[in-house]
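A short worksheet on the structure shown next.
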Amino acid sequence: MTQKRLNSDESDDGGPIKRIPIAEPCLGAAELDNVTKAVESGWISSAGSFVAEFEEAFSRYCGVEFGVATSSGTTALHLALVALGIHEDHEVLVPSLTFAATANAVVYTGAKPVFVDSHSDYWCLDPEKLEDAVTGRTRAVIPVHLYGHPCDMDAILSIAEKHGLLVIEDAAEAHGADYKGRKAGSFGRISCFSFYGNKIITTGEGGMCLTSDVAVAERMRILRDHGMAPNRRYWHDMVGFNYRMTNLQAAIGVAQVARLDEFLVQKRSIWQYYSANLADLEEDGLLALPHPQPWAAQSYWLYTVLIRGGIGRDELIKSLANRGIETRPAFQPLHLMSPYGGGQVLPIAEELARTGLSLPSSIQLSEEELAVVVDGLRSLLY
Ligand SMILES: *Cc1c(COP(=O)(O)O)cnc(C)c1O
């Protein structure tokens with residue numbers, strides 16, 4: 001079962017043009033079957049059995065003891081920060097180049113996000129720039145495995161240990177990625193995933209916190225469910241939230257986890273296709289291609305290049321869109337935005353944001369469609 005791919009744009013000859021999507025969910029018979037089971041059972045709220053099954057399956061996949069499913073990746077991040085006691089007296093280190101949710105979750109707690117520049121080779125938070133940002137108020141760091149490339153976790157963990165910082169991984173783009181043979185999401189005190197519709201596996205909306213700390217897991221379960229005391233109904237020892245995932249979402253999640261490795265194989269072949277077929281554009285100085293670090297096995301979430309020559313990045317996005325090719329600019333650096341920033345200069349993040357372009361990376365793309373993307377780039381950049 002595939003998504004409808006036609007949009008309402010008209011091509012020159014008047015017919016609808018086929019859109020090549022950047023990312024789309026891959027849903028099939030197993031997902032439908034599980035949703036049907038959930039509906040037939042009458043259990044569609046968070047009390048259904050798929051929720052625990054999804055938590056177990058995904059945490060086991062990542063090699064972490066406990067999973068706490070949530071309503072989104074953003075609520076997973078917020079839940080993690082609250083469960084670890086982050087509050088308004090604290091600073092939390094985050095990369096500037098990430099999706100805003102990473103910093104928003106920090107702001108929700110009253111703590112201050114402090115931005116760190118990116119590594120120019122693999123775009124994640126640069127461990128060498130981390131230490132300079134530590135102050136007496138710094139309590140935690142949130143490394144983000146950006147576009148599915150893992151952060152340098154050994155370096156980050158050793159700086160965190162030296163300064164007594166909590167590590168919370170934002171692995172929203174990194175399902176199945178690994179660092180030196182261990183899964184992304186298995187390094188932090190807590191790690192947070194998103195299952196939004198454009199992520200590698202999806203539940204529509206949804207998220208999960210993973211931890212191997214039983215007390216932290218228990219605290220997150222309580223906070224997720226209004227802060228209600230586990231053994232005393234309608235008694236609240238803390239102010240909680242309703243961040244629960246529904247059984248319908250988890251029903252889809254259970255089917256998706258089982259297919260994650262298969263998705264990663266397809267993602268890798270898209271990656272290899274682009275890398276092989278765009279190599280000459282890199283040699284000619286028009287593009288910089290992503291080159292993974294030797295310690296990284298990526299999730300290949302979005303194939304993201306830097307535009308070095310020819311027409312500018314934003315012009316290129318428009319021209320590709322006219323050909324039915326959906327691309328997206330890199331994230332914007334958060335330190336430049338008024339709700340978060342103030343006067344910082346982080347040159348690497350700014351340069352990556354100015355020139356970064358993500359190409360269609362949906363696992364359902366055919367080789368013909370990938371060829372259309374490559375030809376489009378070739379003809380517009382030369
Ligand atoms: C998608 C994403 C999130 C937020 O996830 P939602 O499920 O959309 O709330 C957080 N961080 C990063 C890096 C993301 O890509």
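Quick check on Val116: is it modelled with pLDDT of 95 or more, closer than 19 Å to Leu346 by Cα and in the same structural domain as Ser158 (by TED's automatic domain parsing)? Talk me through it step by step, then tell me what you get.
Details: modelled with pLDDT of 95 or more: yes; closer than 19 Å to Leu346 by Cα: yes; in the same structural domain as Ser158 (by TED's automatic domain parsing): yes.
When the stated conditions are applied, Val116 passes them.
Tyr300 passes all but one of (1) more than 17 Å from the chain's Cα centre (by Cα); (2) under 28 Å from Lys18 (Cα atoms); which number fails?
Checking Tyr300 against (1) more than 17 Å from the chain's Cα centre (by Cα); (2) under 28 Å from Lys18 (Cα atoms), the one that fails is (1).
For Val265, indicate whether it is within 22 Å of the chain's Cα centre (by Cα) and surrounded by fewer than 21 Cβ atoms within 10 Å (Cβ to Cβ).
yes
Pairs only if they're at least six apart or on different chains, beta carbon under 7 angstrom, first in segment 52-80 and in contact (Cβ under 8 Å) with a residue 40 or more places away in the chain and in a helix (DSSP H, G or I), second away from the ligand (no atom under 16 Å from the Cβ) and of a type in the set (S, T, N, Q); list them, first residue then second.
Cys62/Ser186
Considering only segment 170-197, state which residues are in a loop (DSSP other than H, G, I, E, B) and within 9 Å of the chain's Cα centre (by Cα).
Answer for segment 170-197, where residues must be in a loop (DSSP other than H, G, I, E, B) and within 9 Å of the chain's Cα centre (by Cα): Ala171, Ala172, Glu173, Ala174, His175, Phe195.
Does segment 216-232 include one or more residues that are surrounded by fewer than 24 Cβ atoms within 10 Å (Cβ to Cβ), within 15 Å of the ligand (Cβ to nearest atom) and not in a strand (DSSP E or B)? Even if it seems obvious, please write down each step before you answer.
Let us first name the residues in segment 216-232 that are surrounded by fewer than 24 Cβ atoms within 10 Å (Cβ to Cβ), namely 216-219, 221-223, 225-232.
From the residues that got through so far, the ones that are within 15 Å of the ligand (Cβ to nearest atom) too are none.
No, segment 216-232 has no match at all.
So, of the residues in segment 349-380 that are over 20 Å from the mean Cα position of the chain (by Cα) and not in a helix (DSSP H, G or I), which turns out to be surrounded by the fewest Cβ atoms within 10 Å (Cβ to Cβ)?
Checking each candidate, the answer is Ser366.
How many of the residues making up segment 202-212 are more than 10 Å from the ligand (Cβ to nearest atom) and within 11 Å of the chain's Cα centre (by Cα)?
Within segment 202-212, residues that are more than 10 Å from the ligand (Cβ to nearest atom) and within 11 Å of the chain's Cα centre (by Cα) number 0.
When segment 87-105 is examined, which residues are found to be buried (at least 24 other Cβ atoms within 10 Å of the Cβ) and outside any helix (DSSP H, G or I)?
Val92, Leu93, Val94, Pro95, Ser96, Leu97, Thr98 - these are the residues of segment 87-105 that are buried (at least 24 other Cβ atoms within 10 Å of the Cβ) and outside any helix (DSSP H, G or I).
Which one of these does Asp89 not meet: (1) touching a helix residue (DSSP H, G or I) at 6+ places or on another chain (Cβ under 6 Å); (2) more than 20 Å from Pro290 (Cβ to Cβ); (3) among the charged types (D, E, K, R)?
Single failed check for Asp89: (1).
Select, from Arg268, Arg244, the only residue that is of a type in the set (D, E, K, R), outside any helix (DSSP H, G or I) and at pLDDT 95 or above.
Arg244
Every residue in segment 298-312 that is of a type in the set (A, V, I, L, M) and more than 22 Å from Pro25 (Cα to Cα), please.
To start, the set of residues in segment 298-312 that are of a type in the set (A, V, I, L, M) comprises 302, 305-307, 311.
The answer is Val305, Leu306, Ile307, Ile311.
All but one of (1) modelled with pLDDT of 95 or more; (2) over 30 Å from Pro143 (Cα atoms) hold for Leu93; state the number of the condition that does not hold.
All conditions pass for Leu93, except number (2).
Would you mind finding the one in Lys180, Lys199, Lys162 that is away from the ligand (no atom under 12 Å from the Cβ) and on the phi < 0 side of the Ramachandran plot?
Lys162
Looking at (1) of a type outside the set (Phe, Trp, Tyr); (2) within 16 Å of the ligand (Cβ to nearest atom); (3) free of Cβ contacts under 8 Å to residues at least 40 places away in the same chain; (4) over 21 Å from Glu350 (Cβ atoms), can you tell me which one His175 breaks?
(3)
Kindly evaluate Asp154 against the criterion of being surrounded by fewer than 18 Cβ atoms within 10 Å (Cβ to Cβ), among the acidic types (Asp, Glu) and either more than 15 Å from the ligand (Cβ to nearest atom) or modelled with pLDDT of 95 or more (or both).
yes
When both residues are 6+ apart or on different chains and their Cβ atoms are under 8 Å apart, which pairs have a first residue that lies in segment 110-135 and is surrounded by 21 or more Cβ atoms within 10 Å (Cβ to Cβ), and a second that is among the basic types (Lys, Arg)?
Between residues of segment 110-135 that are surrounded by 21 or more Cβ atoms within 10 Å (Cβ to Cβ) and residues that are among the basic types (Lys, Arg), the close pairs are Ala111/Arg139; Val116/Lys129; Asp117/Lys129.
Take the conditions in a helix (DSSP H, G or I), over 22 Å from the mean Cα position of the chain (by Cα) and modelled with pLDDT of 95 or more and apply them to Leu320. Does it pass?
Spelling it out, Leu320 is indeed in a helix (DSSP H, G or I), over 22 Å from the mean Cα position of the chain (by Cα) and modelled with pLDDT of 95 or more.
The values are calculated or read from the model by the stated rules, or taken from the named source; none is laboratory data. Predicted model, so just to flag it, every value in this text is computed and none were measured. For neighbour counting, all protein chains shown are included, and Cβ atoms are generated from backbone atoms with ideal geometry for every residue, glycine included.
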